[in-house]
Amino acid sequence: MIPAFTATPNGTGMLKRQCTGAYKIRPIRRKMRERFGFQKFRLWIGFSLDEIVRAAPSRVKYITHRFPLLEKRMRRGDCIQWLKRHKFPIPERSACVCCPYRSDDEWGRMKRSSPEEFSQACKIDEQIRNNHLSRKRHNYPLYLHKSLQPLRTVKFSNPNQLDFLEEEECAGGCWL
Ligand code: SF4
């Protein structure tokens, strides 16, 4: 389950994040096995200096982690400057289409520049709320947006959501 928002008797809450292993760690390991078979790997992970708390050793013996941006002491801003200097486009933060750790600014940009992705996110938003299993498991309806409104109907203008994101991005266990 993704860290979806939900109403609780004590206010807005979030589900525990359980998606990182399923959506990131296991698919990457599977792909590496598919392409390179049973050998040892060094996996380069692009955490910048701002994300140093996310850097952790690999939990499996056949993978060793390397963090090139930490070795170069580069922060997110340094990466953006580097991209500009080399005339590359500035990418969005990487995240699953349905990730609730998004500011209104990011949702709005997705809606404008990637309407297909936004439509996918809206469908997921409806599914997590309306499907039978979700209703059986969770006492309260689930939402991708902090406002506890269907994503399709949200007007993305809540600047406070950025405060929440400062502390709560796809960090810690998400390791990518
Ligand atoms: S980006 Fe978001 S939805 Fe995707 S694995 Fe990380 S926390 Fe989960």
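Counting each pair of different Cα atoms once, what's the Kirkwood radius of segment 97-143 in Å, rounded to one decimal?
11.4 Å
In sequence order, what are the phi-derived ³J(HN,Hα) couplings for segment 69-80 according to the Karplus relation 6.51 cos²θ - 1.76 cosθ + 1.60 with θ = phi - 60°, rounded to whole Hz, with x for glycine and proline?
6, 5, 4, 8, 6, 9, 8, 4, x, 5, 5, 5
So for the chain: antiparallel DSSP bridges make up what percent, rounded to the nearest 5?
So the antiparallel bridges in the chain amount to around 60 percent.
Go ahead and set up a Gaussian network model of the chain, Cα springs under 10 Å, then flag whichever of Ile45, Ile124, Ile90 fluctuates most.
With Cα springs under 10 Å in the chain, the top fluctuation among Ile45, Ile124, Ile90 is at Ile90.
Shape verdict for segment 54-131, please, from the Cα gyration tensor: rounded (a/c under 1.5), prolate (a/b greater than b/c) or oblate.
Note, shape of segment 54-131 comes out oblate.
When only alpha-carbon atoms count, how far does the chain stretch along each of its three principal axes, as whole angstroms with the largest first?
Answer, in whole Å and largest first: 45, 39, 32 Å.
Give me the distance between the Cα centres of segment 103-142 and segment 44-73, rounded to whole Å.
Each part reduced to its Cα centre gives a spacing of 30 Å.
Would you calculate a helix-derived [θ] at 222 nm for the chain, using -39,500 (n - 2.57) for each DSSP H run of n ≥ 4 and dividing by the full residue count, to the nearest 500?
Mean residue ellipticity at 222 nm (helix-derived): -10500 deg cm²/dmol.
With angles folded into 0 to 90 degrees, how steeply does helix 26-36 sit against the dominant principal axis of the chain? Use alpha carbons for both and round to 10.
40 degrees
Give the long-range amide H neighbours of Leu43: residues separated by 5 or more places, or on another chain, with amide H under 5 Å away, using H modelled in the peptide plane at 1.01 Å from N.
Thr64, His65, Arg66
For segment 1-99, what is the percent of antiparallel DSSP beta bridges, rounded to the nearest 5?
50 percent
In a GNM of the chain with a 10 Å cut-off on Cα contacts, which of His145, His132, His86 has the highest mean-square fluctuation?
Between His145, His132, His86, it is His86 that shows the largest mean-square fluctuation.
Helix 115-130 versus the longest principal axis of the chain: what is the Cα-based angle in degrees, 0 to 90, to the nearest 10?
For helix 115-130, the angle is close to 60 degrees.
Just want the ordering: Trp107, Trp82, from fewest to most Cβ atoms lying within 10 Å of their own Cβ.
So the residues, fewest neighbours to most, are Trp82, Trp107.
With a 10 Å cut-off between alpha carbons and a GNM built on the chain, which of Gly108, Gly21, Gly11 moves the most?
Gly11
Each residue of segment 42-57 in turn: what ³J(HN,Hα) in whole Hz from Karplus with 6.51, -1.76, 1.60 and θ = phi - 60°, glycine and Pro shown as x?
Karplus-based 3J(HN,Hα) across segment 42-57 equals 10, 9, 8, 10, x, 6, 8, 4, 5, 10, 4, 5, 7, 6, 9, x Hz.
Read-outs: derived from the displayed coordinates by stated rules, not from any lab. Only a predicted model underlies this, so the values are computations on that prediction, with no experimental measurement involved. Heads up, the Cβs are rebuilt from the backbone with ideal geometry, glycines too, and the neighbour counts pull from every protein chain shown.
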